[in-house]
1. Taking only Cα atoms and a 10 Å spring cutoff, compute GNM fluctuations for the chain and point out the largest among D212, D202, D52.
2. For helix 159-172, report the angle its Cα long axis makes with the longest principal axis of the Cα atoms of the chain; keep it between 0 and 90° and round to the nearest 10°.
3. If you add up the charges near L86, with Lys and Arg at +1 and Asp and Glu at -1, over every other residue whose beta carbon is less than 12 angstrom from its beta carbon, what do you get?
4. Rounding to the nearest 10 and keeping the result within 0 to 90°, find how far the Cα-based axis of helix 241-250 lies from the longest principal axis of the chain.
5. If one takes the longest principal axis of the Cα atoms in the chain, at what angle in degrees, from 0 to 90 and to the nearest 10, does the Cα axis of helix 213-228 lie?
6. Report relative contact order for the chain in percent, whole number only (criteria: Cα-Cα under 8 Å, sequence separation at least 6).
7. Near the amide H of V233, under 5 Å away, which other amide H atoms are found, from residues 5 or more places off or on another chain, if H is placed in the peptide plane?
8. To check you understand DSSP bridge types, tell me what percent of the beta bridges within the chain (both residues inside) are antiparallel, rounded to 5.
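The values are calculated or read from the model by the stated rules, or taken from the named source; none is laboratory data. Every value quoted in this text rests on a predicted model; they were computed, and no experiment measured them. Here the Cβ positions follow ideal geometry from the backbone for every residue, glycine too, while neighbour counts run over all protein chains shown. Quick note on the areas: whole protein, heavy atoms, side chains included, nothing else; ligands and nucleic acids left out. Shrake-Rupley method; radii C 1.70, N 1.55, O 1.52, S 1.80 Å.
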Amino acid sequence: AKQGTEADGIAFYSQDMNQGMHERMRIESGLRQALGNGELLLHYQPKFCIDDGSIIGAEALVRWQHPERGMVPPAEFIPLAEATGLVVQLGEWVLEQACAQAQAWKRAGLRPIRLAVNVSAREFTQALPARVQETLRRHGLEPQWLELEITESTLMHNIDRVIGIMDRITALGVKLSLDDFGTGYSSLSYLKRFPIDTLKIDRSFTMGIPQDTNDCAIASTIISIAQQLNHRVIAEGVETEDQLAFLKGAGCNEVQGYLYSKPLPAHEFELALRGKWRVRAA
Ligand code: C2E
Ligand code: MG
Ligand code: MG
Ligand code: MG
């Protein structure tokens with residue numbers, strides 16, 4: 001009887017797997033089409049100076065406007081794009097689109113802000129620096145207005161190779177930031193070797209401020225490490241006044257989160273940047 005149960009279990013499991021695989025293939029081919037169909041778009045989440053609340057930058061976040069499913073969040077397709085390698089093409093599209101948008105805002109006479117693009121581990125190859133350089137040149141954008149956000153998973157592979165790529169990117173004048181900092185496994189001994197501009201405190205720590213003393217301690221420590229290594233530091237996922245007050249007191253430079261603004265469609269971000277639409281009362 002036991003064997004029968006197991007066999008049933010296995011049959012059930014493999015049917016599940018089959019469904020999972022079909023679902024993945026469906027999303028993958030859909031995403032491949034979306035890349036060519038113009039179903040992808042970018043939203044822009046402002047980054048604010050913690051001292052005066054002014055917008056000092058924005059993070060481009062990809063969205064998939066699916067004809068039937070509506071707005072699909074990146075959590076539902078980025079991991080798959082990473083697993084299949086499609087994220088390389090997706091990343092090319094995102095960089096291209098972000099640079100075109102930055103150039104359009106510049107031509108429209110808006111004050112320049114730094115635009116950040118998320119880069120997956122699989123995109124972080126020897127080919128990336130030249131691609132970034134070529135894209136900037138083609139759009140006539142100065143490199144200091146571009147930032148690449150990388151996560152610690154990018155740094156886990158061949159560390160010397162990764163640092164070499166980082167050095168070539170920063171040599172262009174493009175800034176690098178470490179996203180979701182504190183959630184991965186990068187060691188402090190490597191941190192000092194990374195040519196990064198900014199540490200981004202992960203939302204999971206911001207969330208616990210001020211009630212969770214461990215999260216407060218971790219956030220303060222990240223801020224202090226950043227200061228001592230001469231990096232800037234930004235907290236993501238800031239949703240409350242209490243979090244803002246704590247981070248300000250701890251010496252954090254920048255904030256990003258729903259308290260100030262959600263990611264915005266390009267035209268709304270433009271209004272916010274023009275000061276015509278206050279994202280938050282000062
Ligand atoms: P991330 O880079 O850490 O981006 C922060 C995420 O937190 C965004 O989710 C943002 O909308 C959300 N967020 C910001 N402020 C708050 C807040 O106050 N509260 C809450 N609850 N959430 C907040 P989103 O846009 O769904 O993106 C999720 C992740 O998908 C990103 O995490 C990033 O890892 C990835 N991603 C997004 N766009 C791209 C892209 O163009 N390329 C790559 N490779 N990854 C991307
Ligand atoms: Mg990011
Ligand atoms: Mg995060
Ligand atoms: Mg993040």
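1. Judging by the Gaussian network model, the answer is D52.
2. Between helix and principal axis, roughly 40 degrees.
3. Working: positive: R24, R32, R122; negative: E28, E82, E92, E123.
Result for the neighbourhood of L86: -1.
4. Between helix and principal axis, roughly 60 degrees.
5. Between the helix axis and the principal axis of the chain, the angle is about 60 degrees.
6. On the way: 416 pairs, mean separation 47.0, N = 282.
Reported as a whole number, the value is 17 percent.
7. Amide H to amide H, under 5 Å and 5 or more residues apart or across chains, V233 pairs with L199, N253, E254.
8. Working: 16 of 39 bridges.
Around 40 percent of the beta bridges assigned by DSSP in the chain are antiparallel ones.
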